[in-house]
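Everything on this sheet refers to the single structure shown next.
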Amino acid sequence: MQYYVVDAFTDRLFSGNPAGVCLLETWPDDAVMQSIAMENNLSETAFLVRESSGADGLRWFTPETEIDLCGHATLASAYVLMNEVHAVSGTVEFHTKSGTLTVSQSDDVFTMDFPSRPPVPCEVPPGLEQALGPPVLETHASRDLLVLLESEDAIRSLRPDFSQLKQHKDAFAIIVTARGTDCDFVSRFFAPGAGIPEDPVTGSSHSTLIPFWHTQLGRNQMTARQLSARGGTLMCEYCGDRVKIGGTAVCYLRGVINL
């Protein structure tokens, strides 16, 4: 099985978000893919199977579970197909649990066309401020819980209690966000219940962040930064029921998984 590790949402190694990409001829048992993802111990491993239509089936696994949408591993998969397998730019199409996703390449930038998942206001869950530390201004619910904090400094200095965050089971993950100082907005992403204490750079969270900040800022095109230790930059566009999320990538590893 051909295997790659690609750092996504960055143009240099050892930053952005590393994703595993496995190229398959047919789908193995789910347990095999879950075991590979656990062995890789990356936030997500992507699995691709070429279909007769010319598109690729795409699935994503964390070390503990399969998920319905992942941005950085989709970008990494497109990078592998267009730079390592076919060596041509253009557009690739993926069939996924979140419908058909396309990724286009222009120069070094890969732009993903993703579903928009606008959040709706909700009550601050009990214990959330205690788990995070700083005061919570607002919370909004989608697949993930979006938490608005007062400043970029509050996001950057956050040291959450992961054992307490893991108790919040009504959402897949916790997104914390605030206005940026040299970009439109910043965020961090925590999913300890899925085996990801903190994800370095999260494309799927921007399916929720982009419509939220579109409403807050009145802008369709925005630049975002995720303030993890590795960090990453995302180019964002609000398109109604879709969002576009762009970034660069670099290949860290090419190898073979022996099965």
Every residue from segment 187-222 that is buried (at least 24 other Cβ atoms within 10 Å of the Cβ) and of a type in the set (A, V, I, L, M): 191, 201, 209, 210
Residue under evaluation residue 68, criteria (1) over 15 Å from the mean Cα position of the chain (by Cα); (2) surrounded by fewer than 16 Cβ atoms within 10 Å (Cβ to Cβ), criterion not met: (1)
Within segment 223-245, which residues are out of contact with any Gly (no Cβ under 8 Å at 6 or more places or on another chain), surrounded by fewer than 17 Cβ atoms within 10 Å (Cβ to Cβ) and part of a loop (DSSP other than H, G, I, E, B)? 229, 240, 241
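In segment 126-147, how many are crowded, with 16+ Cβ neighbours inside 10 Å, out of contact with any Leu (no Cβ under 9 Å at 6 or more places or on another chain) and free of Cβ contacts under 8 Å to residues at least 40 places away in the same chain? If you could, list the steps in order and put the result at the bottom.
Looking only at segment 126-147, we keep the residues that are crowded, with 16+ Cβ neighbours inside 10 Å, and these are 128, 131-132, 134, 136, 139-147.
Still in the list and also out of contact with any Leu (no Cβ under 9 Å at 6 or more places or on another chain): 141-142, 144.
Now restrict to residues that are free of Cβ contacts under 8 Å to residues at least 40 places away in the same chain: 141.
Total meeting the criteria: 1.
Would it be correct to say that residue 187 is hydroxyl-bearing (Ser, Thr, Tyr) and assigned by TED's automatic domain parsing to the domain that holds residue 249?
Numbers: hydroxyl-bearing (Ser, Thr, Tyr): yes; assigned by TED's automatic domain parsing to the domain that holds residue 249: no.
The answer is no for residue 187.
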Among (1) under 26 Å from residue 189 (Cβ atoms); (2) in contact (Cβ under 8 Å) with a residue 12 or more places away in the chain, residue 91 falls short only on (1)
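Residues checked against (1) assigned to a loop (DSSP other than H, G, I, E, B); (2) without any contact (Cβ under 8 Å) to a residue 60 or more places away in the chain; (3) basic (Lys, Arg); (4) touching a His at 6+ places or on another chain (Cβ under 6 Å):
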residue	(1), (2), (3), (4)
6	no, no, no, no
13	yes, no, no, no
19	no, yes, no, yes
22	no, no, no, no
31	no, yes, no, no
34	no, yes, no, no
46	no, yes, no, no
57	no, yes, no, yes
Of all strands (runs of 3 or more DSSP E) completely enclosed by segment 102-218, which ones contain at least 1 residues that are in contact with a Pro (Cβ under 7 Å, 6 or more places away or on another chain)? 138-141, 145-148, 185-191
Condition first: farther than 26 Å from residue 216 by Cα and either surrounded by fewer than 18 Cβ atoms within 10 Å (Cβ to Cβ) or not assigned by TED's automatic domain parsing to the domain that holds residue 80 (or both). Now tell me which residues in segment 105-125 satisfy that. 106, 107, 108, 109
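The values are calculated or read from the model by the stated rules, or taken from the named source; none is laboratory data. Model, not experiment: these values are computed from the prediction. Every residue, glycine as well, gets a Cβ built from its backbone with ideal geometry; the counts of neighbours run over all protein chains shown.
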